[in-house]
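Submitted below is the structure of interest, expressed as structure tokens.
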Amino acid sequence: MNQEIFNRTELLLGKDAMESICQKHVIIFGVGGVGSWCAECLVREGIMHLTLVDSDMVCITNCNRQLMATSKTVGQPKVEALRNRLLEINPDANIITMQKRYSEENKDEFEWETYDYVIDAIDSLKDKISLILQVTKRGIKLFSSTGAALRLDPSMVKVSEFWKIKGDPLAAAMRSSMRRHKLFPERKFLCVHSEEQPLPNLGKAFQDDSQSFGKVQTNGSLAHITAIFGMTLAGLVVQDIVKSLSSAPLHQRVAVK
């Protein structure tokens, strides 16, 4: 590993934290407007073992908000386009790609015991609930994203425990479904969400087959919101790793030289 890449990270967090970050394995489900930014932030902050799961191909409508989506990557699998981008940042990183959609039917195809953190950036309500139930049952640390579409105000993005989120239609729909089916997460988990009420769509959606999996409708979204969601998820991972090394506040820790 090229230590110079992470010099500024180690200056802030210390050697012990840096070594711990490099040893963790994170899996991201969904590498669209939220998950792609989360992946880049994790790699830039020292995560060396990252698995990317997404079935979609890059399309032209992704270019307004998804990290790896450019005019040159249209038509490529999202996970491969993103992997290529991440390896340009750190060629030593171990980036595993799985071009598939997570579902209840294929949940046993993942090597759950190898993951330290799971990032949920899935759009489909059904798949999202299945993933949450699966991960919390196994006791793996989970961070989840609710709806980032139809928002404009970056100051309204917050972090809350799942059952304490207010005003988010996706979280409300998930909780309603869980109550109806009497299936509940076995552990609490944090979510990135917005307290801004969803805005209306004002235009007509461009029909695109790569965006059809499990979506009720296509909604407008903006890069500055989806990126904040993704980077906040990455921040929760790094913060949790650092906190696990010491219960003292970060500013009171003495970095190991």
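Residue by residue through the range 108-161, note down the ones that are surrounded by 15 or more Cβ atoms within 10 Å (Cβ to Cβ), under 20 Å from ARG65 (Cβ atoms) and among the small types (Gly, Ala, Ser).
ALA121, SER124, SER144, SER145, GLY147, ALA148, ALA149
Is one or more of the residues making up the range 13-21 touching a strand residue (DSSP E or B) at 6+ places or on another chain (Cβ under 9 Å) and either part of a loop (DSSP other than H, G, I, E, B) or not acidic (Asp, Glu) (or both)?
no
Looking only at the range 176-203, count every residue that is of a type in the set (Phe, Trp, Tyr) and farther than 27 Å from LEU222 by Cβ and tell me the total.
Count: 1.
Which condition number in (1) at pLDDT 95 or above; (2) not in a strand (DSSP E or B) is the one that GLU4 fails?
If we test GLU4 against (1) at pLDDT 95 or above; (2) not in a strand (DSSP E or B), just (1) comes out false.
Okay, moving on. Output the number of residues of the range 11-31 satisfying the condition of being more than 17 Å from ASP116 (Cα to Cα), buried (at least 20 other Cβ atoms within 10 Å of the Cβ) and either at pLDDT below 95 or not small (Gly, Ala, Ser) (or both).
Number of matching residues: 2.
Additional query: Can we say ASP116 is of a type in the set (D, E, K, R), under 18 Å from the mean Cα position of the chain (by Cα) and within 20 Å of ALA234 (Cβ to Cβ)?
yes
Turning to a different aspect of this structure: Determine the pairs where a residue that is more than 12 Å from GLY35 (Cα to Cα), located within the range 216-245, has a partner that is part of a helix (DSSP H, G or I) and aromatic (Phe, Trp, Tyr) with Cβ atoms under 8 Å apart, the partner being 6 or more residues away or on another chain.
Sorted first by the residue in the range 216-245, then by its partner, the list stays empty.
Let me ask something additional. Residue pairs, Cβ under 6 Å, 6 or more apart or interchain, first in the range 179-202 and at negative phi, second among the aliphatic types (A, V, I, L, M) and part of a strand (DSSP E or B). List them.
Matching pairs, first to second residue: PHE189/LEU142; LEU190/VAL159; VAL192/VAL159; SER194/VAL157.
The values are calculated or read from the model by the stated rules, or taken from the named source; none is laboratory data. Note that this is a predicted model, so its numbers are computed, not measured. Cβ atoms come from the backbone with ideal geometry, glycine included; neighbour counts cover every protein chain shown.
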